[in-house]
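> What follows is a single structure, and I will ask about it in a moment.
The values are calculated or read from the model by the stated rules, or taken from the named source; none is laboratory data. Because the structure is a prediction, the values reported are computed rather than measured. Because the Cβ atoms are built from the backbone with ideal geometry, glycine has one as well, and the counts that use them run over all protein chains shown. The protein model used for the area step is the full one, side chains on, heavy atoms only, and it has no ligands, DNA or RNA in it. Shrake-Rupley method; radii C 1.70, N 1.55, O 1.52, S 1.80 Å.
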Amino acid sequence: MAALFTKFCSQALTIFLLLLPALFSQSYAGVVVVYWGQNGGEGSLTDTCNTGKYGIVNVGFLSKFGNGQKPEINLAGHCNPASNGCQGVGAGIKNCQSKGIKVLLSIGGGAGNYGLSSDADANSVADYLWNNFLGGQSNSRPLGNAVLDGIDFDIEKGGPFYAALARRLSDYSKRGKKVYLSAAPQCPFPDQYLNGALSTGLFDYVWVQFYNNPQCEFTTSNPNAFKNSWNKWTSSIKAGQFFVGVPASRQAARNGFVNPNDLKNQVLPFVKGSPKYGGVMLYDKFNDDKSGYSSQIRGSV
């Protein structure tokens, strides 16, 4: 009996030791996040997730909301929500989720007509998001009956009430399926529009936009500007994971493009030192198709 017990313990220890490296490496494995929805030439959402390149997809943008307006989603050349033409996107959402890929609705963006005028206005927008895109019910769900995994705050205008929006959305998680919250702040800290929301500590993912902001972008001539900014973000904001946001091509942003080899050899080894490291965010799918950026970095993320 003692011999059998010893043999069992030995086998168990061997299995544990074999699994340990995989468990350890997996805990630090990152994912590539991509924005989809602003160019009809980037392929469907189904096509996007079928590539196997991405772990999270942000569908953007809900670019009209708040101030008593009826919210509207804008998916550029993909479909026309005014005629219920975006219902088919729901099938793409379900396909992504069946592959373990999270799909978030991104609100805001660089253009559009949005903003929040009060906590009550924020609560009203949160209720709309819950009923029309998340786990609630409505007769006018723009993307059909698919239930998205959460809401991404790509906020570049619109007042100090986004913290109330985050709290209300987080409260909905208590009703069943978790509502993931993410944000895409500009890299200068603190973000002008999102600092209040991010200070709630409710966000699961923060993909910092290290582009269109020369003072905190990565450059080979001054890597410390980026490193100091990354350290400031990860040490100042309570969030689940942080991601390096970069343009997927030189055409995707005014500045801030990082050569894939520089990202692999200089940026990623540094940010992986943070226990909050989550991966890389790319803007956007259309530009990634053109450049092949995600394919070049995926093995290192």
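> Looking only at residues that are assigned to a loop (DSSP other than H, G, I, E, B) and aromatic (F, W, Y) in the range 194-240, which one is farthest from F257 (Cα to Cα)?
F203
> Among all residue pairs at least 6 apart or on different chains, which show Cβ distances below 6 Å where the first residue, located in the range 108-122, is more than 16 Å from I73 (Cβ to Cβ) and the second is assigned to a helix (DSSP H, G or I) and among the small types (G, A, S)?
Matching pairs, first to second residue: L116/A122; D119/A164; A122/A164.
Per-residue answers, yes or no, for (1) under 25 Å from Y172 (Cα atoms); (2) more than 16 Å from the chain's Cα centre (by Cα); (3) open to solvent by 20 Å² or more (accessible area, probe 1.4 Å):
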position	(1), (2), (3)
G40	no, yes, yes
T51	no, yes, yes
Q69	yes, yes, yes
G77	no, yes, yes
S83	no, yes, yes
Q87	yes, yes, yes
I101	yes, no, no
G108	yes, no, no
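> Please go through (1) touching a strand residue (DSSP E or B) at 6+ places or on another chain (Cβ under 9 Å); (2) part of a loop (DSSP other than H, G, I, E, B); (3) open to solvent by 20 Å² or more (accessible area, probe 1.4 Å) for Q97 and return the number of the only condition it doesn't satisfy.
Among (1) touching a strand residue (DSSP E or B) at 6+ places or on another chain (Cβ under 9 Å); (2) part of a loop (DSSP other than H, G, I, E, B); (3) open to solvent by 20 Å² or more (accessible area, probe 1.4 Å), Q97 violates only (2).
> Output the qualifying pairs, or none if there are none: Cβ atoms under 6 angstrom, residues six or more apart or on different chains, first residue in the range 274-286 and within 11 Å of V57 (Cβ to Cβ) and at pLDDT 95 or above, second residue assigned to a strand (DSSP E or B) and hydroxyl-bearing (S, T, Y).
D284/Y35
Listed here are the residues, each with its yes/no results for (1) touching a residue at least 12 places away in the same chain (Cβ under 8 Å); (2) farther than 21 Å from C96 by Cβ; (3) open to solvent by less than 10 Å² (accessible area, probe 1.4 Å).
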| residue | (1), (2), (3) |
| --- | --- |
| G135 | yes, no, no |
| N145 | yes, no, no |
| Y162 | yes, yes, yes |
| A197 | yes, yes, yes |
| Q209 | yes, yes, no |
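> Pick from the range 147-160 the residues that are within 17 Å of the chain's Cα centre (by Cα) and under 14 Å from G115 (Cα atoms): which of them is most open to solvent (accessible area, probe 1.4 Å)?
So the residue we want is E156.
> Starting from the range 166-185, take each residue that is assigned to a loop (DSSP other than H, G, I, E, B) and open to solvent by 60 Å² or more (accessible area, probe 1.4 Å) and list its partners that are of a type in the set (S, T, N, Q) and modelled with pLDDT of 95 or more, counting only C-beta distances under 9 angstrom and pairs at least six apart or across chains.
none
> Hey, another quick one. Could you list, in sequence order, the residues of the range 110-125 that are surrounded by 23 or more Cβ atoms within 10 Å (Cβ to Cβ) and over 29 Å from D47 (Cβ atoms)?
First pass over the range 110-125, keeping only residues surrounded by 23 or more Cβ atoms within 10 Å (Cβ to Cβ): 114, 116, 122, 125.
Within the range 110-125, L116, A122, V125 qualify.
So that you can scan it fast, the table gives a plain yes or no per residue for (1) open to solvent by 50 Å² or more (accessible area, probe 1.4 Å); (2) small (G, A, S); (3) closer than 29 Å to V301 by Cβ; (4) modelled with pLDDT under 50:
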| site | (1), (2), (3), (4) |
| --- | --- |
| A2 | yes, yes, no, yes |
| S27 | yes, yes, yes, yes |
| Y35 | no, no, yes, no |
| N58 | no, no, yes, no |
| F61 | no, no, yes, no |
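> Take the conditions assigned to a helix (DSSP H, G or I), touching a residue at least 12 places away in the same chain (Cβ under 8 Å) and over 24 Å from N212 (Cβ atoms) and apply them to A91. Does it pass?
For A91, the condition - assigned to a helix (DSSP H, G or I), touching a residue at least 12 places away in the same chain (Cβ under 8 Å) and over 24 Å from N212 (Cβ atoms) - is met.
> Still on this structure, please answer the following. Identify all residues within the range 276-301 that are surrounded by fewer than 19 Cβ atoms within 10 Å (Cβ to Cβ), touching a helix residue (DSSP H, G or I) at 6+ places or on another chain (Cβ under 6 Å) and either under 17 Å from A253 (Cβ atoms) or among the hydroxyl-bearing types (S, T, Y) (or both); write none if there are none.
S300
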